[in-house]
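Peer 1: Dropping a structure here in structure tokens format, bear with me for questions.
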Amino acid sequence: MKIAVVGVGAMGSVYAALLAGAHEVWAVDVWAEHIEAIRRKGLRLEGASGDRSVRLHATTDPAGVRGMDLVVIATKDDGVAPAARSALAMAKSGAPILTIQNGVDSVEKVAAIAGAQRTLVGVVGGFGASIVSPGHAHHNGMEFVHLGEMGGGLTARLEAVAACWRAGGFEVRTYRDIHSMIWEKLICNCAYSGPCALTGLRIGEVQADPSAWNVAAACATEAYAVARAKGIALDFTDPVAHVKAFGATIPDARPSMLLDHLAGRRAEVDSIHGAIPREGAKLGIATPVNAVVVALLKARESGFGRAGR
């Protein structure tokens, strides 16, 4: 297959490098230094999947990418809408557009531009990815890639996309209702994103520190309560045990929110912790811990100046 990955930060680089082992892959990103390094030396990926350098197409200009069988949107939340517009031009007529982001808002953004019928949804977790240097990414884990149709159901198209990812070495599961997985990941993100960013601790260190863990557990519990009130079908009944087991698989990982703050960049606060008070208010669910975490994160970010990459 011909695949474009739009947004080759930490996780996008994992996708592009592994998919390039089985497909023709185009890496598309605005980070010129990263793209130039990939052009010169290939994209190096090390960590749980081994250590490899792969050659693939790389560009900062989406206008030069056409005829894709699949476009994967792996940008941060604030880049989703422009990426979706670019994806329409990159993809073959009717080809699926797969969006993989944190939070709960990106799917609707993509569907509003590309159409719900063309939109596939991906949920991943447990990779713990980071950029080591331009052209070089690392990941701590190798967990499942969860895929589903935005509108639900198991389709031949969905299974074909899943087979494409499996050929790249990913463990893939397909779902009739992917929205439950979106919320399962959001609950895990709420447990670790803000607490790690605010304390500078890695996931395992948050678990080991009683004060940090109290905040993490409360954030997860509030997110779980909102999901249940929304009628989201979840596969667990103890959110604290769930996020603790999840975090135990990647104790050395730094969530992307922490990495953003270490680099002086504004993070996806509104689409992760901010989603919990926003959705909770619609349902009459109090979410005071997530609200305080949002306020502290935004206060911290106010000193960053203009958001960087």
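Peer 1: For the chain, what is the mean residue ellipticity at 222 nm derived from helices alone (per DSSP H run of n ≥ 4: -39500 (n - 2.57); sum divided by total residues; nearest 500 deg cm²/dmol)?
Peer 2: Result for the chain, helices only: -14000 deg cm²/dmol.
Peer 1: Now, a different point. Can you give the angle from 0 to 90° between the axis of helix 80-90 and the longest principal axis of the chain, with both taken from C-alpha atoms, to the nearest 10?
Peer 2: That helix lies at roughly 20 degrees to the long axis.
Peer 1: Based only on other Cβ atoms within 10 Å, what is the fewest-to-most ordering of Met150, Met257? Don't skip to the answer; put the middle values down first.
Peer 2: Details: Met150 20, Met257 25.
Fewest-to-most ranking of Met150, Met257: Met150, Met257.
Peer 1: A further question follows. Stick to Cα atoms and the Kirkwood definition of Rh, then tell me Rg/Rh for the stretch 2-176.
Peer 2: 0.93
Peer 1: What is the helix-to-structure angle for 210-229, meaning the angle in degrees between its Cα long axis and the longest Cα principal axis of the chain, kept from 0 to 90 and rounded to the nearest 10?
Peer 2: 70 degrees
Peer 1: State the cysteines of the chain left without a partner when partners are defined as other cysteines whose beta carbon lies under 4.7 Å away.
Peer 2: Cys164, Cys188, Cys196
Peer 1: Provide the per-residue ³J(HN,Hα) series for the stretch 132-137, in order, calculated from phi with Karplus coefficients 6.51, -1.76, 1.60 and θ = phi - 60°, each as a whole number of Hz, with x at glycine and proline positions.
Peer 2: Using θ = phi - 60°, the values come out as 7, 6, x, x, 9, 10 Hz.
Peer 1: Search the structure for amide H atoms under 5 Å from the amide H of Val132, placed 1.01 Å from N in the peptide plane, and list their residues when 5 or more places away or on another chain.
Peer 2: Result for Val132 returns Ala137, His138.
Peer 1: Any idea what diffusion coefficient the stretch 86-163 gets from Stokes-Einstein, in µm²/s, Kirkwood Rh on alpha carbon pairs, 20 °C, 1.002 mPa s?
Peer 2: This corresponds to a translational diffusion coefficient of 153 µm²/s.
Peer 1: Tell me, in nm to one decimal, what length is gained between Glu36 and Lys230 on full extension, where the rule is 0.36 nm per residue of separation less the Cα-Cα distance?
Peer 2: Fully extending the segment from Glu36 to Lys230 adds 65.4 nm.
Peer 1: If you don't mind, another one. Taking the chain as a Gaussian network, Cα atoms linked when under 10 Å apart, which of Gly264, Gly247, Gly125 shows the biggest mean-square fluctuation?
Peer 2: In this elastic network of the chain, the residue with the biggest mean-square fluctuation among Gly264, Gly247, Gly125 is Gly264.
Peer 1: Please compute one quarter of the surface area of the Cα convex hull for the chain and express it in square nanometres.
Peer 2: Projected area, direction-averaged: 14.3 nm².
Peer 1: Give me the lysines in straight-line cross-link reach of Lys109: C-alpha distance below 25 Å, same-chain residues under 8 apart excluded.
Peer 2: Lys2, Lys76, Lys92, Lys185, Lys230, Lys282, Lys298
Peer 1: Take every DSSP beta bridge whose two residues both sit in the stretch 29-125, then give the antiparallel share in percent to the nearest 5.
Peer 2: 40 percent
Peer 1: Further question on the same structure: Please list 3J(HN,Hα) in residue order for the stretch 36-53, calculated via the Karplus relation 6.51 cos²θ - 1.76 cosθ + 1.60 where θ = phi - 60°; whole Hz, with x for glycine and proline.
Peer 2: With coefficients 6.51, -1.76 and 1.60, one gets 5, 5, 5, 4, 6, 10, x, 9, 8, 10, 10, x, 4, 8, x, 9, 8, 10 Hz.
Peer 1: What is the Rg over Rh value, at two decimals, for the stretch 255-309, using alpha-carbon atoms and the Kirkwood definition of Rh?
Peer 2: Numbers: Rg = 12.2 Å, Rh = 11.8 Å.
Taking Rg over the Kirkwood Rh, I get 1.04.
Peer 1: Please report Rg (one decimal) and Dmax (integer) in Å for the Cα set of the stretch 164-298.
Peer 2: Rg and Dmax of the stretch 164-298, Cα atoms, are 14.9, 45 Å.
Every read-out reported here was derived from the displayed coordinates using simple, explicitly stated rules and does not represent laboratory data. Given the structure is predicted, the values throughout are model-derived calculations rather than measurements. Cβ sites come from the backbone with ideal geometry, for glycine too, and all protein chains shown count toward neighbours.
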